[in-house]
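Colleague: Below is the structure I would like to discuss, written out as structure tokens.
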Amino acid sequence: MCMILTKTKQKDLIYNTMGLFDYIHCEYELPSCPQALIDRWGKTVGDIAFQTKDTPNQAMTSYTITADGYLLANCKEYQWIDTPENVKEDATPLEALFNRGYSKVTREWTEQCHHFNGAVEFYDSYAHADKKTSDDYQHGKFADGWVEYKALFQNGKCIQISQGEHTLPIKYTQQQIDDRQAERDAAAEERRAQYHASRHKNPNPEQRIIDSIELLIPAPSPQRCGAYNQIQDLINEYRKKYDRWYTQP
């Protein structure tokens, strides 16, 4: 692992190594890399920070595939700096966590992954040329493009690289937007019906007791005893708060 901490307290180790992927910069020639993806990051393919789940560290470490195919790990050494003076007395647990200190980079170096063998898949997304704001995405007008690559390594050197999935970004027409929304609404309605049917077919023990009590009391009305109406009101309140699928098909 390239990430090194000069303090070995377990809480610091956990804080500084959490992450679900690494980054790949590829200086090696890529087949058919979308120009829009290059433009998103900079001027060359090597500027793109692809993500991958196949490299050894999986802690937001940056790797590079060099122009001649070698896999390099860009390593950093960290020192934990405590900052108790930044933690306020009335801070929430989350605020205290983020203000209690930070990791300072004390050394950086590059290591060649001589013994790495296997496949590394890396990928990224890119937007449609007409997508200007996040609002456009939120209104369902666009779908981002997606591109994947697979590099095969033997003893730390790339012996083959190929493009995998590549979907182009989409700008939907208004009719397509309406059709997709109608499909989502229909699917949501179907799920609601399924939840409603499941609730009545397989009530949990608490729901079964409430259902049984309701069957034993008369329907509420002005002529009925107030106690009956109060019981029904309590049942209705319970269902409104904790048993939403009883009446929602």
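Colleague: Spot the failing condition for GLN248; the list is (1) more than 30 Å from PHE142 (Cβ to Cβ); (2) among the polar types (S, T, N, Q); (3) without any contact (Cβ under 8 Å) to a residue 12 or more places away in the chain; (4) surrounded by 11 or more Cβ atoms within 10 Å (Cβ to Cβ), and only one is missed.
Modeller: With respect to (1) more than 30 Å from PHE142 (Cβ to Cβ); (2) among the polar types (S, T, N, Q); (3) without any contact (Cβ under 8 Å) to a residue 12 or more places away in the chain; (4) surrounded by 11 or more Cβ atoms within 10 Å (Cβ to Cβ), GLN248 is out only on (3).
Colleague: Any chance you could count how many residues in segment 24-76 are small (Gly, Ala, Ser), under 23 Å from GLY145 (Cα atoms) and assigned to a loop (DSSP other than H, G, I, E, B)?
Modeller: 3
Colleague: Could I ask something else about it? Collect the residues in segment 192-213 that are of a type in the set (D, E, K, R) and surrounded by fewer than 10 Cβ atoms within 10 Å (Cβ to Cβ), keeping them in residue-number order.
Modeller: LYS201
Colleague: Given (1) touching a Gly at 6+ places or on another chain (Cβ under 8 Å); (2) among the basic types (Lys, Arg); (3) assigned to a strand (DSSP E or B), identify the lone condition not met by LYS104.
Modeller: Just one mismatch for LYS104, condition (1).
Colleague: Which members of segment 114-128 meet the condition of being touching a Phe, Trp or Tyr at 6+ places or on another chain (Cβ under 8 Å) and assigned to a loop (DSSP other than H, G, I, E, B)?
Modeller: PHE116, ASN117, ALA127, HIS128
Colleague: Can you tell me how many residues within segment 77-93 are closer than 22 Å to THR106 by Cα and either part of a loop (DSSP other than H, G, I, E, B) or aromatic (Phe, Trp, Tyr) (or both)?
Modeller: Going through segment 77-93 one residue at a time, the tally reaches 3.
Colleague: Can you spot a residue in segment 129-147 that is of a type in the set (Lys, Arg) and not in a loop (DSSP other than H, G, I, E, B)?
Modeller: No, every residue in segment 129-147 fails to be of a type in the set (Lys, Arg) and not in a loop (DSSP other than H, G, I, E, B).
Read-outs: derived from the displayed coordinates by stated rules, not from any lab. Fair warning: this is a prediction, and the values are worked out from it, not measured in the lab. Neighbour counts are summed over all protein chains in view; Cβ atoms, including those assigned to glycine, are modelled from backbone coordinates with ideal geometry.
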